[in-house]
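To keep things clear, I will list the structure first and then write my remarks on it.
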Amino acid sequence: MQSEILCAILIMQKYGSLDKGRKEANMVYEYENGIPGEVLKEALAKSLEGRNLKKVLILPPDYTRMYSGAGKITAIYYELLKDTCQVDIMPALGTHVPMTKEEWVAFFGEGVPFDRMIVHNWRNDVVKIGEVPASFVSEVSEGLVKTPIDVEVNKLIMDPSYDLILSVGQVVPHEVVGMANYGKNIFVGCGGSSMINSSHMLGAFYGMERIMGKDFSPVRRVFDYAQENFLKNVPLVYVLTTTTNSGDEVTIHGLYIGTERANFEAAVKKSQEINLTHMDKRLNKVVVYLDPREFKSTWLGNKAIYRTRMAIADGGELIVLAPAVGHFGEDEENDRLIRKYGYVGRENVLKLVDEPANEDLRQNLSVAAHLIHGSSDGRFKITYCAGKLTEEEVRGAAFNYMSYEEASAKYDPKKLVDGFNTVDGEEVFYISNPALGLWVCDE
């Protein structure tokens, strides 16, 4: 083996119930310096061997996961399948807005037709397939949540006409579930309002700092329960990645293909190695840049807060450079609720949820959870430099404000380098892309 290869192995083979009893290979490929293109293509082709496919559904992430490598993988699968079977592509939008044609081409390339896209509607296009019992939810949440959780997925996932469903996406630290992807791509990315609301609030009640960067969170256990009990007869195969980026250059360090949870656990371990940064000291000033192609709302852009809060000192400041942020929620109702209630902190949000007059917030608990996640609870200052929101709008949402022009003149993203910088004699820690990392201080 070449020195840069950590492993490229079949980790197990077993008869599975997911695809007509066919022998299922679970594959893990890890390369320290990135999986070569020819190896990637060979691995994806191998994952299709021995299957009689007439109709395939691919569930990639959307453009907000532009550094996941999933666009390239989806394009390769489409090229491998298009001449022999019908290929439908439904981005796992969750509550996000549908992809534009420009975003589609930028993510998947010219070779994947835009008319192959099916838009997931999280409010209307779902079916209930089961329920996670209250006793289980209470057990995994240490008694913090004692209600059952409906399991809803897009109706196409349960469509028996599909011979294969490929769930493609990146394992990376996440504020709601601990580590993104695996069952989350199905139950949130392609899920319904009940599951999205319940899972987000479960994570918020349990505590974001107890979850981020870890595998076995209460939310993950709920997803695992739902997968084990309600997706047994779905021909679902996960295609997971672990990546880093340098500018627009994405390096896929790990590829994990199969049905077994062991694949996800291998991806979690790798992501913890390459996507977590442990700081020796807490940071007094952090500047985070939000790429205008990826971040157009605080719903997405608040990764700048989630991923840095465990490294920022009490009394410190987070400056969010957000040139394209022009709204709060990813749909009209979520946007309205965020504007109405604001990022006012955990205790205040919980009180708002309990007040009888706030039925609209109780019916949208994912928004309540998002409001909790998007506050520092008064521990440090958050200054949002949103290029397409007014000062009144930003302050109305309970953030501090500085114009993007003023902030970027002082903290120029073209001049700052990732890590420590000195600006006007002050030490500043700069992050060019919060989506691929988690920064923590172990003090």
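The values are calculated or read from the model by the stated rules, or taken from the named source; none is laboratory data. Remember, it's a predicted structure, so these values are computed and weren't measured experimentally. Backbone-built Cβ (ideal geometry, glycine too); neighbour counts: all protein chains shown. Calculation scope for accessible area: heavy atoms of the full protein, side chains included, ligands and nucleic acids excluded. Shrake-Rupley method; radii C 1.70, N 1.55, O 1.52, S 1.80 Å.
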Give me D for the chain in µm² s⁻¹, whole number, from Stokes-Einstein with Rh from the Kirkwood sum over alpha-carbon pairs, 25 °C and 0.890 mPa s.
-> 110 µm²/s
Could you tell me what % of all Cα pairs in region 38-82 have separations over 13 Å?
-> 58 percent
For region 203-265, listing trypsin sites (Lys or Arg not before Pro) in a DSSP loop whose Cβ sees at most 11 other Cβ atoms within 10 Å gives K232
What is the projected area of the convex hull of the Cα atoms of region 30-136, averaged over all directions, in nm²?
-> 9.8 nm²
Three principal axis extents, largest first, for the C-alpha atoms of region 291-443, in Å?
-> 50, 36, 26
Starting from region 196-301, pick out the chymotrypsin sites (Phe, Trp or Tyr not before Pro) whose DSSP state is loop and whose Cβ has at most 16 other Cβ atoms within 10 Å.
-> F216
Which links in K155/K303; K55/K155; K381/K410; K72/K101 stretch past 20 Å when you go from one Cα to the other?
-> K155/K303
Sparsely packed chymotrypsin sites (Phe, Trp or Tyr not before Pro) within region 314-368, loop by DSSP, other Cβ within 10 Å at most 13 = none
Overall form of region 83-192 per C-alpha gyration tensor (a/c, 1.5; a/b vs b/c) = prolate
Local charge sum around E332 (other residues, Cβ-Cβ under 12 Å, Lys/Arg +1, Asp/Glu -1)?
-> -1
Under the Karplus curve 6.51 cos²θ - 1.76 cosθ + 1.60, θ = phi - 60°, whole-Hz ³J(HN,Hα) for region 179-189, x wherever Gly or Pro sits | 9, 6, 6, 6, x, 4, 4, 8, 7, 10, x
Lys and Arg at +1, Asp and Glu at -1: neighbours of E406 with Cβ under 13 Å from its Cβ sum to -2
Can you give the accessible area per residue of region 260-390, in Å², using a 1.4 Å probe?
-> 36 Å²
Over region 72-169, with every protein chain in place, what whole percent of the accessible area is carbon and sulfur at 1.4 Å, could you tell me?
-> 50 percent
Net charge over other residues, Cβ less than 9 angstrom from the Cβ of H96 (K, R count +1; D, E count -1) = -3
Karplus-derived 3J(HN,Hα) from phi for region 360-368 (6.51 cos²θ - 1.76 cosθ + 1.60, θ = phi - 60°), whole Hz, x at Gly and Pro, runs 4, 6, 5, 7, 9, 5, 5, 5, 4
Given the protein chains as shown and a 1.4 Å probe, how many square angstrom of D115 are accessible, to the nearest 10?
-> 120 Å²
Using a 1.4 angstrom probe on heavy atoms only, work out the carbon and sulfur share of the accessible area of region 346-433 in %.
-> 47 percent
Compute the Rg/Rh shape ratio of region 371-423: radius of gyration over Kirkwood radius, all on alpha-carbon atoms.
-> 1.02
Volume in Å³ per residue [convex hull over Cα atoms, computed for region 193-345] = 161 Å³
Provide S167, S194 ordered by accessible surface of protein heavy atoms (probe 1.4 Å), highest first.
-> S194, S167
With every protein chain kept in the model, how would you rank S135, S376 by accessible area, 1.4 Å probe, largest at the top?
-> S135, S376
Counting alpha carbon pairs within less than 8 Å and at least 6 residues apart, what relative contact order, in whole percent, applies to the chain?
-> 16 percent
